[in-house]
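Just so it is clear, none of the values below were taken in a lab; they were calculated from the coordinates. Just so we're clear, the structure is a prediction, and the values are computed from it rather than from any experiment. Quick reminder, even Gly has a Cβ in these numbers, built from the backbone with ideal geometry, and neighbours come from all protein chains shown.
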Amino acid sequence: MPTMPPEAANRPKPKIPHSQDFSDLPKPVVPKTENRKLLKGQKAIVTGASSGIGRSIALALGHAGADVCVNYVAGEDKAQAMVNELRGHGHTAFAYRADVSSEEDVAKMFEAVRDEFGTVDILINNAGLQSDAPVDQMTLTQWNKVIGVNLTGQFLCAREAIREFKRRGVRPEISCCAGKIICISSVHEKIPWAGHVNYAASKGGVMLMMKSIAQEVAPYRIRVNSIAPGAIRTPINMQAWDTPEHYNELLKLIPYKRIGEP
């Protein structure tokens, strides 16, 4: 069995709602890393940034020196709390409400960020949702809602970001590339998910959209990548971990014996 780092012994035991006993396993330890301002001077938009994965990404970008636009479509209080937290750490941030499935909203958001920050260097395409139903009971409204936010929303934001990156070009004093786009996908871009056809289809689309855009804009020194997380403890998948029974069922699929924390 791997040995546990000495500092791990003093850390509080994670509060995980499951009944199985994994006390004999080493506890995960987050390494201490130097807080370097690698993104100083860069301007970022994080969609769906008021909670979950988006919130953690926005904080990380702020700690790395970037100025951050916290995008949200609901939960203005959470978004403003996120901005206050970033500002409390000495970072520059503001919140902007925009529905990423709306072409008009996305254009206005990028205009607002240019007014506030001057330009955009980083786009985190994170906004996403679920609206689940068996395929024979799924309504067209449910299908369009998920595809609209999870896939079309990422396209609209990426398109607007690329327009800005190409307009501005590379700023060597800031970065060696003209801009960066990171699409937040899911393991369900490859793994089928019965009962969630719209969600799985949207994430499969994100995967090939990201690769196709990356191939197209690479000559302009624009980087496009995606991240496909597994189970993360966020509100979007609460039904998968909200009880000990649900959590234990989920752990059968995870060799690490814990889900991710945002």
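Full extension of the chain segment joining residue 119 with residue 193 gains 22.8 nm, where the gain is 0.36 nm per residue of separation less the Cα-Cα distance. Look at the dipole of the stretch 56-107 built from charges on Cβ: of 101, 89, 56, the Cα furthest out on the positive end belongs to 89.
If R0 equals 22 Å, the separation of the Cβ atoms of residue 174 and residue 60 corresponds to a calculated FRET efficiency of about 0.75. What the Cβ-Cβ distance of residue 135 and residue 87 gives, at R0 = 35 Å and to the nearest 0.05, is a FRET efficiency of 0.20. Model label sites at residue 32 and residue 167, defined 7 Å from Cα along the beta-carbon direction, differ in position by 4.5 nm. In a reduced charge model with +1 at each Lys and Arg Cβ and -1 at each Asp and Glu Cβ, the stretch 110-180 shows a dipole moment near 340 debye about its Cα centre. Under a 5 Å amide H cut-off, with hydrogens placed 1.01 Å from N, residue 41 pairs with 67 among residues at least 5 apart or on other chains. Arranged from fewest to most other beta-carbon atoms within 10 Å of their beta carbon, 220, 96 become 220, 96. Please say if the stretch 18-174 is rounded, prolate or oblate, where rounded means a/c under 1.5 for a ≥ b ≥ c the square roots of the C-alpha gyration tensor eigenvalues, and otherwise the choice is prolate for a/b larger than b/c and oblate otherwise? Oblate, because a/c is 1.5 or more while a/b does not exceed b/c.
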